[in-house]
Amino acid sequence: MGLQPLEFSDCYLDSPWFRERIRAHEAELERTNKFIKELIKDGKNLIAATKSLSAAQRKFAHSLRDFKFEFIGDAETDDERCIDASLREFSNFLKNLEEQREIMALSVTETLIKPLEKFRKEQLGAVKEEKKKFDKETEKNYSLIDKHLNLSAKKKDSHLQEADLQVEQNRQHFYELSLEYVCKLQEIQERKKFEFVEPMLSFFQGMFTFYHQGHELSKDFNHYKMELQINIQNTRNRFEGTRSEVEELMNKIRQNPKDHKRASQFTAEGYLYVQEKRPAPFGSSWVKHYCMYRKTAKKFNMIPFEHRSGGKLGDGEVFFLKECTKRHADSIDRRFCFDIEAADRPGIPLTVQAFSEEERKQWLEALGGKEALFHSFNRAIIPRAEGGAQLDKMGFTVLRKCISAVETRGINDQGLYRVVGVSSKVQRLLSMLMDVKTCNELDLENSVDWEVKTITSALKQYLRSLPEPLMTYELHGDFIVPAKSGSPESRVNAIHFLVHKLPEKNKEMLDILVKHLTNVSNHSKQNLMTVANLGVVFGPTLMRPQEETVAAIMDLKFQNIVVEILIENHEKIFGSLPDTSFPEPTCLSVSPPNAPPRQSKRQGQRTKRPVAVYNLCLELEDGDNPNPLKEDTPTSSQDSLSSPSPTTSAAHGPPRPDKNHLLADGGSCGDWASAIVINRKARAVYPCEAEHSSELSFEIGAIFEDVQTSREPGWLEGTLNGKRGLIPQNYVKLL
């Protein structure tokens, strides 16, 4: 049962039970007062903790913003650039979240702490003051009554009447005070229900507003997260391929390091210990130097370097060599020594010591000493084994035969070209294909003796066995340049230009192969071989470097991008001649590749990007493949690096329409308008997902009819599959 009501009529009687009920009300108010006081203290602690958390989050955000990944090589892929920028994105998201948290912390003070303090001081404090007055008047009233009742009856009537009047007046005053106190007690009991709960409601409203803002940020972040996941998957996929190539090169060098020395600008280079003579009592010391020699200029460089002191580099010395002489064992108490004499210090030889007898012989040969070997200090690039494969009529027959069988029997096979056949079977099939007699007898389209994976592996093996890659060593570097820089359109134009510089046979075979790969990618929903996946498979095959180095392996990802561009633009590249006015690849600008930003009408929202990620779990047979695909090997997304997705600003969603981006495909606003009136057709060069019912969703290659300019800047109006809607102008190319 709750508190009993205080009846005004009981104030006159002031019974013991009435007093008990008053004490119960007073005790409840005291409990409420203590609770509010403790709650205010906890609220202030909550604000302090929130501020501490916010400060820690902001510091974390600053740390993320200030860090930058370094990359190996001279350029990054578009995916890697997005990953690099992700830390700044994360920092901005945290910053936005903490701004909302700061607003919440301020609202706690204004909506909870201050109202509760006001209620406690003004309302509960007022009741406390009333209680003091009530207790004081109670004491005064009953003291006066006791004193009055002790008056002697023998006193004069006038005196007694005066005393009676005073007691009655005091009792009336006490009665009125009692009525007011009882009224105040009951009023505050009722008032506390809303005076206390209303601030709590405001507090929770502010808290839920914060969480709602966090939810909105989360939705905004979700679009970015999907894009970043694709970037990460593509980068991880390329990493797996690069790692296997690096490990293979490392094992080759481990087995035979002398056959894999890199070509150098120096005739000889390496460490030598140089004798430094001191005054007679102190003898001499031997200091390790890194030495480099150019035979054409007879220039010798020496730089002291000590590994054990943390890699301390000393001051170098340069001189022109006059002659080099081998030191015999009986002339010095050290092995592997020889003398070198500088042209400007005749007669003062410098004694040096090699690491071994073999290295001394190599140095003597390079420096023109008396004892020379028949091999060079720096070896030439090792040619690859030809393996019998040639770019001839037989080679074209092999290619066409394999492609026909694949497109007839296995175009929808999952992991086509990624699943590797048994090595022994692949070699046997390739041998039969390379033989004129057996090749004519092979019926790969109808034979069940040869699995599709064996045929695809044989095709790849033939291409790898060519004396030089299909896209040639000569143009290898030129093909890589546009993949590292420029806009998507300039990349396509550069590759188009370079393909037509290939020898005719190379270009013809590349055309046949890429046309087939385009067909394979068109069936990616069934075979899971997207353009990006095919780039990973065929990049190293079509564009292997002439020299095996880590730097060359780091360029694998750009080789993949070149192949992606070939597949996505096969019809244009092989079906038409390049623009003769297009500059040579070496003259291409090296501006960072930025896809046109998505134009959004609603500030603060990110663009969505369709995601099609397939879990490709492939196993190889007999362990023949040196780079097996594990079950957890990530596969790349449907999006290709050669056509990067539109990017958005770091923290505030996509930027407003920008002429520089809107006119990225060339021309001016007037050119666009006039061209649209004439052509009235456009093709999508980027995929887009509609963010509003008035917009159109489409994939790359979609053809729009009846294209017209829109009254909204940065947008076009067009019809796709019978539906009319808005199209981002920088997402399409006029036909």
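The values are calculated or read from the model by the stated rules, or taken from the named source; none is laboratory data. Quick caveat, the model's predicted, so the values are computed rather than measured. Cβ coordinates were reconstructed from backbone atoms using ideal geometry, including for glycine residues, and neighbour counts include every protein chain displayed. Each accessible area value is taken on the protein alone, full model and side chains, heavy atoms only, with ligands, DNA and RNA left out. Shrake-Rupley method; radii C 1.70, N 1.55, O 1.52, S 1.80 Å.
The sole residue among R65, R101, R58 that is more than 30 Å from M554 (Cα to Cα) and in contact with a Ser or Thr (Cβ under 7 Å, 6 or more places away or on another chain) is R101. Got a number for residues in region 401-438 being open to solvent by 50 Å² or more (accessible area, probe 1.4 Å) and not in a helix (DSSP H, G or I)? Looking only at that region, the number is 4. Every condition in (1) of a type in the set (S, T, N, Q); (2) loosely packed, with under 15 Cβ neighbours inside 10 Å; (3) modelled with pLDDT under 90 is met by S356 except one, and the failing one is (3).
Return the residues of region 249-287 that are at pLDDT below 90, of a type in the set (D, E, K, R), within 16 Å of W363 (Cα to Cα) and not in a helix (DSSP H, G or I); say none if nothing qualifies. Passing the criteria: only K261.
Of all the criteria given as (1) modelled with pLDDT of 90 or more; (2) of a type in the set (A, V, I, L, M, F, W, C); (3) in contact with a Leu (Cβ under 9 Å, 6 or more places away or on another chain), the one not satisfied by L64 is (1). Might you check whether a residue that is polar (S, T, N, Q), more than 33 Å from the chain's Cα centre (by Cα) and on the phi < 0 side of the Ramachandran plot occurs anywhere in region 501-513? Yes; the residues of region 501-513 include at least one that is polar (S, T, N, Q), more than 33 Å from the chain's Cα centre (by Cα) and on the phi < 0 side of the Ramachandran plot. Tell me, which residue of region 186-245 that is among the β-branched types (V, I, T) and open to solvent by less than 50 Å² (accessible area, probe 1.4 Å) is modelled with the lowest pLDDT? So, considering only residues that are among the β-branched types (V, I, T) and open to solvent by less than 50 Å² (accessible area, probe 1.4 Å), the one modelled with the lowest pLDDT is T242.
The set of residues from region 1-51 being over 24 Å from T109 (Cα atoms) and among the basic types (K, R) comprises R19, R21, R23.
Here K114 meets each of (1) free of Cβ contacts under 8 Å to residues at least 12 places away in the same chain; (2) over 49 Å from the mean Cα position of the chain (by Cα) with one exception, condition (2).
Within region 489-500, residues that are under 14 Å from E564 (Cβ atoms) and modelled with pLDDT under 90 sit with their Cβ atoms under 6 Å from residues that are of a type outside the set (A, V, I, L, M, F, W, C) and open to solvent by less than 20 Å² (accessible area, probe 1.4 Å), at 6+ positions apart or across chains, in these pairs: R491/P482. For first residues located in region 157-186 and touching a residue at least 24 places away in the same chain (Cβ under 8 Å), partners that are in a helix (DSSP H, G or I) and small (G, A, S) and lie 6+ apart or on another chain with Cβ distances below 8 Å form the pairs K184/A126. Scanning region 51-90 for residues that are of a type in the set (S, T, N, Q) and open to solvent by 70 Å² or more (accessible area, probe 1.4 Å) gives a single hit, S52.
Taking first residues from region 473-488 that are on the phi > 0 side of the Ramachandran plot and partners that are part of a helix (DSSP H, G or I), the Cβ contacts under 9 Å between residues at least 6 apart in sequence or on separate chains come to G486/N493; G486/A494. Cβ-Cβ distances below 7 Å connect the following pairs, each with a first residue in region 714-735 that is in contact (Cβ under 8 Å) with a residue 60 or more places away in the chain, a second residue that is charged (D, E, K, R), and a separation of six or more residues or different chains: P728/R598; K733/D665; K733/R683.
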